[in-house]
Structure formats: C-alpha cells, structure tokens
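Undergrad: Starting off with a structure, shown below.
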Amino acid sequence: MSCEQFELSGLDMDRPDAQPEEAVSAREHAASCERCFALLQSWRELKQDLRFLQENTRFLSAPARVEMRLKQELRTRREARVPRSTVAIATWALAAAAALAVAVGWMHWRDGSPSRIVNKAAVSSSSRSGTIAPDSSMLLAADSDSGAFTRLPASMPSPYENREILQVRMQRGALGRFGLPVAQDRAAEWVQVDFLIGEDGVPQAVRLHDDSQLDSTLQ
Amino acid sequence: MKILDEKEPALLKRAVRGDEGAFLVLYQKHQASLYRYALRMTGSPWAAEEVVQEVFLLLIREPQKFQPDRGALGAFLFGVTRNRVMKHLERLPREDSLDAINANGTTWREPEDPLTPMMIAEKSERIEQVREAVLGLPTEFREAVVLCELEEMSYEEAAQACGCPVGTIRSRLHRGRALLLAKLELLRDAPRRASAGAK
C-alpha cells in the first residue's frame with residue numbers, strides 16, 4: 001500500500017465494515033512509514049475525541065414540549081374531523097328529507113287534492129266558438145289535460161289572454177252554481193274539475209277529467 | 001395484538017385517524033435519532049427541535065407522502081429531516097454553539113466519570129474543540145462525519161441516507177477527516193501532524 005492509498009483508505013482499518021485485506025495492508029504500511037504512522041496516531045486521537053462527543057450526545061432526544069405540541073395537533077385534527085362528519089351527515093339527511101317532501105308533494109298532487117296550478121296557460125283562439133282548447137305549450141300536467149274546455153254560461157270569451165287553471169275536486173252538483181245543468185241522480189258524485197280563471201278571477205270555462213265526462217254531467 | 005408489535009404503516013394509519021397511542025409509538029421510536037442528527041448538523045438545539053417537530057407534523061398532515069413500498073418509515077423520516085436540516089443550513093448562518101443549553105433548558109453534563117477534576121476539564125475542552133471543529137466543516141463533509149463517525153452508519157447506509165454513491169461518501173469522509181485533523185492540530189498547537197492530515 002502506498003502513502004496515498006493509506007490516506008484514502010488506511011484510516012478505515014479500525015472500522016467494523018473495513019475489508020480485512022485492506023486493514024492488514026494498512027497496518028503493515030503504517031508500521032513501515034513514519035509519516036503515515038503519525039497520521040494514524042492523530043486520527044486515533046481524533047476518533048477518541050469523536051467518541052467522547054458521541055457519548056456526550058448519545059442520550060439526547062427531542063424535548064417533551066415537541067411531543068406535547070404534536071399530541072395537541074393530533075387532538076385538534078381529530079376534533080376538527082368530528083364536526084366535518086356531522087355536517088356531512090346532516091347535509092345528507094336534509095337532502096333526503098327534501099327529496100321525500102318533493103315526492104310526497106308530487107304524490108299528493110297526483111291524488112287530486114285541491115291545488116292551484118300557477119302555470120300560465122295561453123289559450124287558443126278556438127275559444128271563440130265556445131270551446132277553449134289549451135295551447136300545446138301549456139304546462140298543466142299533460143296526462144290529465146287531454147280534453148277541451150267548455151265555456152261557462154254568461155262568461156265573456158277573451159282569446160289570446162293569459163289565464164290560470166284551477167284544479168278542484170268537487171261534487172258534481174256544485175257545478176250548478178256556475179250555471180251548468182246537473183243530473184240530480186249524480187249530483188253527489190265527486191269529480192275532478194279544471195276551471196279556466198280569467199284575469200278578473202272569474203271562472204270562464206270548465207273541463208272535467210277522466211270518466212267524469214262533461215257531457216254526461218250536463219245532462 | 002400489542003400496539004408495539006404492529007407494523008409501522010398500520011400504526012401510521014391509526015395515528016392519522018387520531019390514535020395518540022399509535023402515534024407515540026412511532027414518535028418514540030424515531031425522534032431521538034432524528035433529533036441528534038439535526039443537532040449535530042445544525043449545532044442548535046432550537047433548530048433541531050424545530051426540525052423534528054416539522055418532520056412529525058408533516059407525517060400527521062400529509063401521511064400519504066410516506067409510501068411503504070419505497071422504503072421503511074425510518075428512512076423516509078430521515079430523508080425529510082435531512083432536507084429540513086439542509087434548508088436550515090442554507091437559510092441561516094450557524095447559530096449558537098452546542099455547548100450552550102440542551103433542549104430541556106439545562107446545561108449539558110458530562111457523564112459520570114471517575115476522573116480527576118483536571119482530567120474532566122481537559123476532556124470537556126477536547127469535546128468542545130471537536131464539536132466546534134465538526135460544526136465548522138462544510139456541510140457535505142460534516143454530514144459524512146456525523147453519519148459515519150457519530151451515528152456509526154456503514155458507508156452503504158450513509159450513502160443511502162444521503163442519496164449518493166458509496167464512493168462519494170468515502171471521499172467526503174476522507175476530506176472531512178483531513179480537515180478535522182488540520183483544525184484540531186492547529187488548535188492543539190501540534191502542527192507536525194496537521195500537514196499530513198490536510199493533504
């Protein structure tokens with residue numbers, strides 16, 4: 001081993017992971033070279049001092065306040081997580097309740113309970129002849145809106161005006177109040193009726209649903 | 001199954017969910033070595049404390065950064081610690097000396113030693129000189145000395161920790177030793193060996 005090689009790797013001879021051949025070679029070189037032997041002695045003194053320094057700091061660890069701060073951070077995050085999950089649950093619950101309310105409302109409407117349809121209906125000019133047919137763009141539920149309106153007696157036809165439709169479930173006999181003839185034997189029957197309301201709030205035309213045909217009512 | 005027997009990724013999952021016990025197992029296992037490394041590199045107990053705190057806060061806040069398939073938790077934490085230490089060293093000039101105060105606020109004490117007061121004083125002085133000399137090394141040489149001599153890592157372990165080849169570590173350690181020898185020989189008024197060491 002040369003002096004340059006000794007400087008590069010000879011000082012590792014005392015390390016546990018040193019190559020045995022290199023360590024033997026380094027020892028032989030140090031024994032024969034005064035300069036490298038002096039270097040080895042200096043290094044061993046320094047190594048001893050480094051060991052003192054190592055022992056001096058061997059049992060040091062982070063102060064307890066670091067642990068406290070980290071635990072506090074964990075707790076804060078845990079507490080923050082609980083309200084977040086609560087809010088999420090509450091949001092889902094509200095959404096479910098809203099969906100349920102909409103479904104119940106829709107079913108209620110489908111059952112025909114009295115309700116006011118606020119959609120505006122543009123009425124076609126066919127009402128001039130006494131029968132008012134709804135415009136195709138009318139938003140009233142289409143499945144129950146297949147029939148045409150029959151103008152009520154004494155009402156003034158006013159085509160092209162915007163009207164409102166009022167859906168009512170009533171006894172057939174009550175139609176007599178609007179000037180319509182009613183068969184006495186069927187006066188107690190309940191029927192679903194649409195009234196076409198003018199801008200003055202007065203019904204102008206009427207339409208019966210399904211099996212409660214207007215013609216038979218008016219007999 | 002005892003909490004101490006659990007694997008670190010499982011413990012980390014529990015810790016992130018707020019399990020203090022699981023977190024403390026991980027913390028107690030790794031904090032001391034990380035703190036010592038940071039302290040030996042920065043020379044500042046306050047900086048070392050801050051670094052350790054930041055490292056574990058990162059683990060709590062961004063646990064997904066640790067990927068078990070890429071290595072052990074200890075290696076991950078050491079990598080984060082090393083990055084923080086390097087940033088600290090780039091940002092600030094060296095702070096107060098290691099001798100001042102330890103992290104608990106008390107003066108460091110020598111271990112109990114059956115030496116005379118004179119010998120104890122000499123030993124303390126030598127430790128202080130070595131400490132100063134190590135802290136005075138350029139960062140990359142200091143790191144090699146800290147890892148290979150103070151932390152007693154093998155060359156392979158140190159190379160892995162630093163993310164560089166083994167040859168680089170050996171070279172840095174060789175240079176670090178030479179600089180240390182030169183400094184200490186000068187300090188101890190023994191120039192006869194300094195020239196050999198500084199080559």
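We did not get these values from a lab; they are worked out from the coordinates using the rules stated. Just so it is clear, the structure is predicted and the values come from calculations on it, not from any experiment. Every residue, glycine as well, gets a Cβ built from its backbone with ideal geometry; the counts of neighbours run over all protein chains shown.
Undergrad: What pairs from B:Lys87/B:Lys123; A:Lys71/B:Lys13; B:Lys65/B:Lys87; A:Lys47/B:Lys87 go past 21 Å between their alpha carbons?
TA: Values: B:Lys87/B:Lys123 33 Å; A:Lys71/B:Lys13 15 Å; B:Lys65/B:Lys87 19 Å; A:Lys47/B:Lys87 29 Å.
Too far apart for the 21 Å limit: B:Lys87/B:Lys123; A:Lys47/B:Lys87.
Undergrad: Under 8 Å for C-alpha pairs, at least 6 residues apart: give me the relative contact order for region B:3-91, rounded to a whole percent.
TA: Values: 65 pairs, mean separation 24.9, N = 89.
Once normalised by length, the contact order is 28 percent.
Undergrad: Only Lys, Arg, Asp and Glu count, each charged at its Cβ (+1, +1, -1, -1), so figure out the dipole size of region A:3-57 about its Cα centre, rounded to 20 debye.
TA: Numbers: 6 positive and 12 negative charges, 35 e Å.
The dipole magnitude comes to about 160 debye.
Undergrad: Could you list the chymotrypsin sites (Phe, Trp or Tyr not before Pro) in region A:23-88 that lie in coil according to DSSP, counting only those with at most 10 other Cβ atoms within 10 Å of their Cβ? Write down the numbers at each step before the final one.
TA: On the way: sites: A:Phe37, A:Trp43, A:Phe52, A:Phe59; in loops: A:Phe59.
The qualifying sites are A:Phe59.
Undergrad: Still on this structure, I have one more. Report, by chain and number, residues whose modeled amide H sits under 5 Å from the one on A:Gln204, excluding near sequence neighbours (fewer than 5 apart, same chain).
TA: Amide H neighbours of A:Gln204, under 5 Å, 5+ apart: A:Leu196, A:Ile197, A:Gly198.
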